[in-house]
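**Q** Take this structure, written in structure tokens, and hold onto it; I'll ask about it next.
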Amino acid sequence: MFKIKKELIGSLLLLLISLSISLLMGELLIRWLAPQQLQRGYVIPDADLGHILGPNQVYYDELAPKYFTYHVRTNSNGLRMDDEVDLSVDKKRIIMLGDSFTFGWGVEIGKSFAQIIKENMEKQYHNIQLLNAGIGAYSTGHVLKYLRRFHKKLDIDGVIYFMNSNDLQDNMKTSIDYQVVSFDKTESGLITLKDKKVYSQVKRFVVTKVPLYVWLNKNSHLFVFIKRILKGSSRNADPVVKVSENTLSPENERMVHAVAMAHLDRLSEYCKENSLPLLVIWIPDQRELFAGNIPFYERFKGKVVKRASETNYSYYDPTKELKAMVSGEEVSDIYFPEGHYNEKGYYYYSLAVEESIRDFIDQYYGI
């Protein structure tokens, strides 16, 4: 009996060693032949938002070296800032919300437009602290959910939402792994929005309760590759309505605009109910800067101007100023090839919007 047990244990150990070697070889092979897009190490899965930034992170992002490598640091509240949130009673805390452009994707923190604006404003207004709460891939629905979560915790006094042109598309995404607010159209044509959790119940449990799963997503190319293969054609599809100036029908344009406006209405209503001044600033599509006006966006921005005047929030479109600044430049002079601003692009954008932010601060908080 002892001999049988010894042989069984030996066989299991041999199997375990063989499996480990196979997995290691598979990992190295995938890293060499088909490297995958891993989840950034500073990201934490979240059932309501999909993901948030982890607190006190120090991370060197080298997952896209042909475009950029850069450092990401977060403070104890998970904001991409070197300083902590100042909760002093004499400080007015203005939160800057948005997606990866606001976060400062691809550049060191001091080169992001949010940090440039933050430093310039805080030098001039000693009673102000700007908080960079930009997070990659966030839509307008994500932004409002994030604001609700941190409004009281950080004692927020005002809101600046940098609305990226691609937020119109992101608001239309219906993937269960992304969508945080569902939308529907009533018989009368009104758009209704409803908060929802991200992921299926099983995946929600795994990504929030199983640390090994999260670790593998951040470190194993083989694991991510296998997940992609298993998803196959069953992967949740995004909606038929895809934002493209050349293919969008009038009916679909109205739908995309209506959903985006409904999101802005919810954001402005929340700010109004909580006495939070709101400034919405447009981040233009690069085609708006280098290919002339895009009617799809121009018609949407016209609706925002009208609604802002009706509901008493501030709106600023820096496209005209940016176009003048980049006159004579090539797209590659201010954008990385993958689509984000490079250092020069972030700097130009900070120059284009700084006066509007100064006016906003003077109106509500200036001394």
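**Q** Residue pairs, Cβ under 9 Å, 6 or more apart or interchain, first in the stretch 195-224 and over 27 Å from Val181 (Cβ atoms) and modelled with pLDDT of 90 or more, second of a type in the set (A, V, I, L, M, F, W, C) and outside any helix (DSSP H, G or I). List them.
**A** So the pair list comes out as Asn219/Leu38; Ser220/Leu38; His221/Ala34; His221/Leu38.
**Q** Right, another one. Look at Tyr346 and say whether it is surrounded by 13 or more Cβ atoms within 10 Å (Cβ to Cβ) and either part of a helix (DSSP H, G or I) or in contact with a Gly (Cβ under 9 Å, 6 or more places away or on another chain) (or both).
**A** Working: surrounded by 13 or more Cβ atoms within 10 Å (Cβ to Cβ): yes; either part of a helix (DSSP H, G or I) or in contact with a Gly (Cβ under 9 Å, 6 or more places away or on another chain) (or both): yes.
Answer is yes for this residue.
**Q** Related question: Checking the condition at pLDDT 95 or above, surrounded by 16 or more Cβ atoms within 10 Å (Cβ to Cβ) and farther than 20 Å from Pro284 by Cβ, which residue from Gly141, Gly104 passes?
**A** Numbers: Gly104 fails: farther than 20 Å from Pro284 by Cβ.
Matching residue, one of Gly141, Gly104: Gly141.
**Q** Sticking with this structure for a sec: Report the residue count in the stretch 343-367 for those that are without any contact (Cβ under 8 Å) to a residue 24 or more places away in the chain and farther than 14 Å from Val280 by Cα.
**A** Residues that pass the stated criteria total 3.
**Q** A further question on this structure: Do the conditions hold for Asp90, that is, is it without any contact (Cβ under 8 Å) to a residue 60 or more places away in the chain, in a loop (DSSP other than H, G, I, E, B) and either small (Gly, Ala, Ser) or surrounded by fewer than 20 Cβ atoms within 10 Å (Cβ to Cβ) (or both)? Spell out the reasoning first.
**A** Details: without any contact (Cβ under 8 Å) to a residue 60 or more places away in the chain: yes; in a loop (DSSP other than H, G, I, E, B): yes; either small (Gly, Ala, Ser) or surrounded by fewer than 20 Cβ atoms within 10 Å (Cβ to Cβ) (or both): yes.
Here the answer is yes, as Asp90 does meet what is asked.
**Q** Now for a different question. Given the conditions (1) at pLDDT 95 or above; (2) assigned to a helix (DSSP H, G or I); (3) of a type outside the set (Lys, Arg); (4) farther than 30 Å from Tyr297 by Cβ, which single one is not true for Leu267?
**A** Every listed condition holds for Leu267 apart from (4).
**Q** Which ones in the stretch 299-319 are surrounded by fewer than 18 Cβ atoms within 10 Å (Cβ to Cβ) and β-branched (Val, Ile, Thr)?
**A** Those that are surrounded by fewer than 18 Cβ atoms within 10 Å (Cβ to Cβ) and β-branched (Val, Ile, Thr): Val305, Thr311.
**Q** Let me ask something additional. Answer yes or no as to whether Ile191 is in contact with a Leu (Cβ under 7 Å, 6 or more places away or on another chain) and surrounded by 13 or more Cβ atoms within 10 Å (Cβ to Cβ). Even if it seems obvious, please write down each step before you answer.
**A** Values: in contact with a Leu (Cβ under 7 Å, 6 or more places away or on another chain): no; surrounded by 13 or more Cβ atoms within 10 Å (Cβ to Cβ): yes.
In short, no.
**Q** How many residues does the stretch 290-317 contain that are touching a Leu at 6+ places or on another chain (Cβ under 7 Å) and at pLDDT below 95?
**A** So the count comes out to 1.
**Q** Another question about this same structure. In the stretch 161-179, which residue that is of a type in the set (A, V, I, L, M, F, W, C) and closer than 30 Å to Ser356 by Cα is surrounded by the fewest Cβ atoms within 10 Å (Cβ to Cβ)?
**A** Step one: filter the stretch 161-179 for residues of a type in the set (A, V, I, L, M, F, W, C), giving 162-163, 168, 172, 176.
Then keep just the ones that are closer than 30 Å to Ser356 by Cα; that gives 162-163, 168, 172.
On the way: Phe162: 24, Met163: 26, Leu168: 23, Met172: 21.
Result: Met172.
The values are calculated or read from the model by the stated rules, or taken from the named source; none is laboratory data. All values reported here derive from a predicted model rather than from experimental measurement. Note that we place each Cβ from the backbone using ideal geometry, even for glycine, and neighbour counts take in every protein chain shown.
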